[in-house]
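Step one of this worksheet: look at the structure below.
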Amino acid sequence: MREGDLLWTPSPERRARANITGFTNWLATERQREFGSYDALWQWSVTDLDGFWGAVWDYCGVQASTPPTAVLGQRTMPGADWFPGARLNYAEHILRRAGDGSDDDDGPALLFAGETVPLQTVSRATLATQVRALATHLRQLGVRPGDRVASYLPNIPPTVVALLAVASIGAIWTSCSPDFGWRGVLERFRQLSPVVLICTDGYQYGGRAHDRREEAQQIAAGLPSLRHVINVPADWDDIMAGPAPAAAEFRFEQVPFSHPLWVLFSSGTTGLPKAITHSQGGILIEQLKLQTFHMDLRPGDRMLFYTTTGWMMWNFLVSSLLLGVQPVLYDGNPAWPGPDVLWRLADEAGVTFFGASPAYVDALARARVVPGRQFGLDRLQAVMLAGSPVSAECSDWFYRNVKTDLWLATGSGGTDTCCGLVGGTPTLPVYAGEIQARHLGVAAYAFDTAGQPVTGQVGELVVTQPMPSMPVRFWGDEDGRRYRESYFTEFPGRWRQGDFFRVNQRGGCFVLGRSDATLNRDGVRIGTAEIYSALAAVPEVTDGLVVNLDRPGGGFFMPLFVTLAPGQVLDDRLRAAIRQRLRTEYTPRHVPDAIIEVPAIPVTLTGKKMEVPVRRILAGTPPAQAANPSAMANPDSLDVFAALASTLPELR
């Protein structure tokens, strides 16, 4: 299978029933605008921002208690002012038809399974009632709009309830998965000064129960701003057993469009993780657009995407409730007790949209799992791949092993905007290794070093027009300096995503990995600073450098290079100690695939570790092209990495 080979073409019937076809028909009737191709529609969406986003607002049924005075006020980036004057509530859009006694109240809102929990459903009425109960309890505790509520919970229904309850009262949500160690959690939560912590006693993973009571206590003790701790299940059960106000009596807090909804965290590559703050309105309209047009979802669909609550894909999964989609939550190891556990769940739950990562596909291929032969998957219509670059072989795997008539909607986006930038379009063909198109409303281009858009060449992924879900701020970044430096310094007034990017003549896209030092491990971004922080506590190690490499044919290889104190030996005992510290203080994803001793860590004249040049050298770039020796304190240190590039078996 070669890159660009045709894998699938939508049938005329599928194109006709696609949501994006319905949208173009509506535009012709309601806005007197006609488009002969997807590219023409995209061009309009990124040049007439008022016309496009105003149409999305109307077509997707956004409701505001106070209407906006415009679609876009201030237009510059950063600082674009979307839908000024509007007041609304994200959670209200999810729950506006639930719990009101209508005929579909008993229908499922979401489904859930775990390693020790068989598939079960949560009805729309139950979800709405529990949200009202918790929201009322939080109000009674004194939580007000703008207060932060932190979660240390796994991917279970109470976590969804908690997010919606927090959003419904105008408070601000933030979350870390309980596989995070206490130190990594505090580096994030301390920045926000949360007033409430909702935490778990433990979770099940890989057939083993993990007790997190001690970690939860350390987290709570390290947050002086906390006024209350809600424990799941003990406190939770008491709250749910109490009375909840009826739907007609409950008040959803009406907040400005730009009011913060949640804070997601970057990986912490160069210091503390950035506290990326997204708005209620921005996430609402962006997720409605994305999941309606680029995932082609509709009420009654069921979506399974394996994720933890510390990854933006969890927020993405919950947002599918906006469309009446029924998300399928899974809490546990996706490869235990066997590698087919998620496909078994997809079959049992009647999943229509399945989300995966290329690394997961690689594991399935090695385990010789053939879902199409092992399971019925009668309702499955689409698969989305996200998290890392997708090879032609990975794309082809689905058509050989799952279904021949399957829409493969490869996508790429990020925590920064909590959405996709490029991805699936159900009316276009699927080509091997290629992302179908740039998303509507996303003016994404490949920029060369001169700041000019190029076609057919690798450049920086740059977005030239504002999007509603761009962060409203970084929490604690009062003057906006860190925000501007993160996205707008290299190309002023334009958003630099931090990915290598290529667009071909037909509009197909290729996201080719990070152009900075951020690690991308199984779709989850990890900061090198977190690894270095843990490494500093290992007395035998004097310094370290970590990179993550895309392996030929798919998958990742993340080596950690270390220098040792005099007289120390990098043996199995020391390797195990390093791995255990990273696993305990952060997550299993922080554990490297290999630990390799080197004589020196390459640094600049100012002492900055040179992760990006090392990664390029290990990928085959000559040292003289990867780094400027005159800017280095120890240019000879690169030679050992050039030698490793040809000898490490994982790179071949």
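The values are calculated or read from the model by the stated rules, or taken from the named source; none is laboratory data. The shown structure was predicted, so the numbers you read here are calculated from the model rather than taken from an experiment. Note that each Cβ is placed from the backbone with ideal geometry, even for glycine, and that neighbours are counted across all protein chains shown. Side chains included, ligands, DNA and RNA excluded: accessible areas come from the protein's heavy atoms. Shrake-Rupley method; radii C 1.70, N 1.55, O 1.52, S 1.80 Å.
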Out of the residues in segment 143-160 that are out of contact with any Ser or Thr (no Cβ under 9 Å at 6 or more places or on another chain) and open to solvent by less than 10 Å² (accessible area, probe 1.4 Å), which is farthest from Gln280 (Cα to Cα)?
Val143
Does segment 340-361 contain any residue that is among the charged types (D, E, K, R), under 19 Å from the mean Cα position of the chain (by Cα) and open to solvent by 20 Å² or more (accessible area, probe 1.4 Å)?
no
Among residues belonging to segment 618-632 that are open to solvent by less than 60 Å² (accessible area, probe 1.4 Å) and closer than 13 Å to Val603 by Cβ, point out the one that is modelled with the lowest pLDDT.
Ala631
Residue under question is Gln465, and the condition is that it be open to solvent by 50 Å² or more (accessible area, probe 1.4 Å) and under 30 Å from Asp5 (Cβ atoms); does it hold?
no
Among residues of segment 277-319 being small (Gly, Ala, Ser) and crowded, with 23+ Cβ neighbours inside 10 Å, the residue nearest to Leu406 (Cα to Cα) is Ser319
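Conditions (1) of a type in the set (Asp, Glu); (2) open to solvent by 30 Å² or more (accessible area, probe 1.4 Å); (3) closer than 30 Å to Val62 by Cβ, marked per residue:
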| position | (1), (2), (3) |
| --- | --- |
| Arg227 | no, yes, no |
| Val232 | no, no, no |
| Ala241 | no, yes, no |
| Ala247 | no, yes, yes |
| Arg251 | no, yes, yes |
| Val255 | no, no, yes |
Among the numbered criteria (1) touching a helix residue (DSSP H, G or I) at 6+ places or on another chain (Cβ under 9 Å); (2) open to solvent by 20 Å² or more (accessible area, probe 1.4 Å); (3) part of a helix (DSSP H, G or I), which single criterion is violated by Ala577?
(1)
Working carefully through the options Asp516, Asp479, Asp543, find the one that is in a loop (DSSP other than H, G, I, E, B), among the acidic types (Asp, Glu) and in contact with a helix residue (DSSP H, G or I) (Cβ under 9 Å, 6 or more places away or on another chain).
Asp516
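Yes or no, residue by residue, for (1) in contact with a helix residue (DSSP H, G or I) (Cβ under 7 Å, 6 or more places away or on another chain); (2) under 20 Å from Gln291 (Cα atoms); (3) at pLDDT 95 or above; (4) open to solvent by 20 Å² or more (accessible area, probe 1.4 Å):
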position: Asp331; (1), (2), (3), (4): no, no, yes, yes
position: Ala365; (1), (2), (3), (4): yes, no, no, yes
position: Ala382; (1), (2), (3), (4): no, yes, yes, no
position: Cys394; (1), (2), (3), (4): yes, no, no, no
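Filter segment 130-161 for residues that are among the hydrophobic types (A, V, I, L, M, F, W, C) and either in contact (Cβ under 8 Å) with a residue 40 or more places away in the chain or touching a Lys or Arg at 6+ places or on another chain (Cβ under 7 Å) (or both) and give the result.
The first filter runs over segment 130-161 and keeps only residues among the hydrophobic types (A, V, I, L, M, F, W, C), leaving 131, 133-135, 138, 141, 143, 149-150, 153, 156, 160-161.
Matches in segment 130-161: Val131, Ala133, Leu134, Ala135, Leu138, Leu141, Val143, Val149, Ala150, Leu153, Ile156, Val160.
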The condition from (1) under 29 Å from Pro339 (Cα atoms); (2) open to solvent by 40 Å² or more (accessible area, probe 1.4 Å); (3) out of contact with any Asp or Glu (no Cβ under 9 Å at 6 or more places or on another chain); (4) of a type in the set (Asp, Glu) that Asp211 misses is numbered (3)
